[in-house]
Amino acid sequence: MSEPTEAPRTHADVLLVEDTIDEALLLKTAIEDAGDYTVTLAQDGDHGVERLEGRPWDLAVIDLNLPGRDGMDVIRLAKELYPDMPVIAVTAHTSDVYVDTAYRAGADLVLQKPVDKADLLEHLRQLCPLAEAGSAAETRILALGTRPGDVFAGCGGVLLQHRDRGHDVVVFTLAGGDPDGGSRLRTAAHTAADRLGARLVFGSATEPEMINLQDAAQMVRTLVSELRPAAFYIPTDSDRTPNRVATHRVGAAMVGEVARVLAYQTPTATLDFRPNLFLDVQAVIDRKAELLQPFDGLGLENVSPPDARAAARYWGRFADPLEAEPFEVVGGEP
């Protein structure tokens, strides 16, 4: 079961890393005058790194030319720690190459100095909807799996990062083993969910072959309606087992109802799995291994700590992260 969450915050938390004091005060005042933001200032790259490593943030505004750690390095670290956190880079440089380097480092947006206040606030509200919609504690994430272990193996790292940002995570597993029969798989799933800090929901089927797709679809619709998740993680349909393909179709039917639907790699995915989004999980790979440890020795294919580490290293070759989880974008923006 998930831990109780704190009362929703009324402001989004913004980290501002800017060394020039007059620029810093102008940016801080402009952001806080909007009434929706609480700004914390770090005046060099080293202090920016300390702030990033100390806690999650809803958004970061980072100057590219910093004393200490360079702004590009700070952006890279920000994205390593919090892949979903929007980053706005600000710079007095006008070179296209310099701006392109900032985007390659992970910046979501690059603004030229002197920064136009109206332009800044418009982009802040676009990139940081929490500033208008509420707090991280109100953000809910839903993950769908066919059997115990699927979700934790496929997107456990990204779910850990959601929890680190204060998001509520619900894991719905269609077939969970016999609840009255001391199922070791069911027990392992509960242990993994407790370690993740997520709420675990089981469907009525004890085995994948017994899944009633009509009932499963209705349950998913109910969860989506009640939770209104910001993101929905579902299994890929490039899988050699009919039950996981069917689970994908149940989840994919929610495209249009959820802003972001991503398909993760299943334990029995085929070579037709073609991810187009790679999310960095290097900072949480050890914790992901801990999620999968309860499933070790239970006979599940590709659901173990060594499997998770090997997969993360393999997919990390296709993007800047050294260790990544791969996804197919089914609905919404990458």
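The values are calculated or read from the model by the stated rules, or taken from the named source; none is laboratory data. Note that the structure is a prediction, hence the values are computed from the model and not measured. Please note: Cβ atoms are built from the backbone with ideal geometry, for glycine as well, and neighbour counts cover all protein chains shown.
Listing for the model above:
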{"read-out": "Residue match in region 215-226 (condition: of a type outside the set (D, E), under 20 Å from L300 (Cβ atoms) and at pLDDT 90 or above)", "value": "no"}
{"read-out": "Filter result for T268 (more than 23 Å from H167 (Cβ to Cβ) and in contact with a strand residue (DSSP E or B) (Cβ under 6 Å, 6 or more places away or on another chain))", "value": "yes"}
{"read-out": "Residue match in region 112-122 (condition: touching a helix residue (DSSP H, G or I) at 6+ places or on another chain (Cβ under 7 Å), modelled with pLDDT under 95 and within 24 Å of D164 (Cα to Cα))", "value": "no"}
{"read-out": "Strands (runs of 3 or more DSSP E) contained in region 159-238 and holding at least 1 residues among the basic types (K, R) and in contact (Cβ under 8 Å) with a residue 12 or more places away in the chain", "value": "199-205"}
{"read-out": "Output for region 255-280, where each listed residue is without any contact (Cβ under 8 Å) to a residue 60 or more places away in the chain and surrounded by 22 or more Cβ atoms within 10 Å (Cβ to Cβ)", "value": "A269, P275"}
{"read-out": "Hits in region 281-321 - residues which are in contact with a helix residue (DSSP H, G or I) (Cβ under 6 Å, 6 or more places away or on another chain), surrounded by fewer than 20 Cβ atoms within 10 Å (Cβ to Cβ) and basic (K, R)", "value": "R287"}
{"read-out": "Filtered residues of region 74-94 (kept if over 21 Å from L41 (Cβ atoms) and either modelled with pLDDT of 95 or more or touching a helix residue (DSSP H, G or I) at 6+ places or on another chain (Cβ under 9 Å) (or both))", "value": "E80, P83, D84, H93"}
{"read-out": "Every residue from region 239-260 that is modelled with pLDDT of 95 or more and assigned to a strand (DSSP E or B)", "value": "D239"}
{"read-out": "Matching residues in region 200-209 - criterion: being over 25 Å from the mean Cα position of the chain (by Cα) and either among the hydrophobic types (A, V, I, L, M, F, W, C) or at pLDDT 90 or above (or both)", "value": "A205"}
{"read-out": "Residue that is modelled with the highest pLDDT [pool: residues in region 153-199 that are among the acidic types (D, E) and over 17 Å from the mean Cα position of the chain (by Cα)]", "value": "D194"}
{"read-out": "Of residues in region 95-111 being hydrophobic (A, V, I, L, M, F, W, C) and surrounded by 13 or more Cβ atoms within 10 Å (Cβ to Cβ), the one modelled with the lowest pLDDT", "value": "V99"}
{"read-out": "Output for region 44-65, where each listed residue is within 26 Å of S95 (Cα to Cα) and either in contact with a Ser or Thr (Cβ under 6 Å, 6 or more places away or on another chain) or modelled with pLDDT under 90 (or both)", "value": "L64"}
{"read-out": "Residue under evaluation T236, criteria (1) within 22 Å of D168 (Cα to Cα); (2) within 20 Å of the chain's Cα centre (by Cα), criterion not met", "value": "(1)"}
{"read-out": "Complete set of residues in region 16-29 that are farther than 19 Å from A107 by Cβ and either in contact with a helix residue (DSSP H, G or I) (Cβ under 9 Å, 6 or more places away or on another chain) or of a type in the set (S, T, Y) (or both)", "value": "L26, T29"}
{"read-out": "R147, sole failed condition from (1) part of a helix (DSSP H, G or I); (2) of a type outside the set (S, T, N, Q); (3) modelled with pLDDT under 95", "value": "(1)"}
{"read-out": "Residue list for region 281-300, filter: in contact (Cβ under 8 Å) with a residue 24 or more places away in the chain and within 25 Å of R76 (Cα to Cα)", "value": "V281, Q282, A283, V284, I285, R287, K288"}
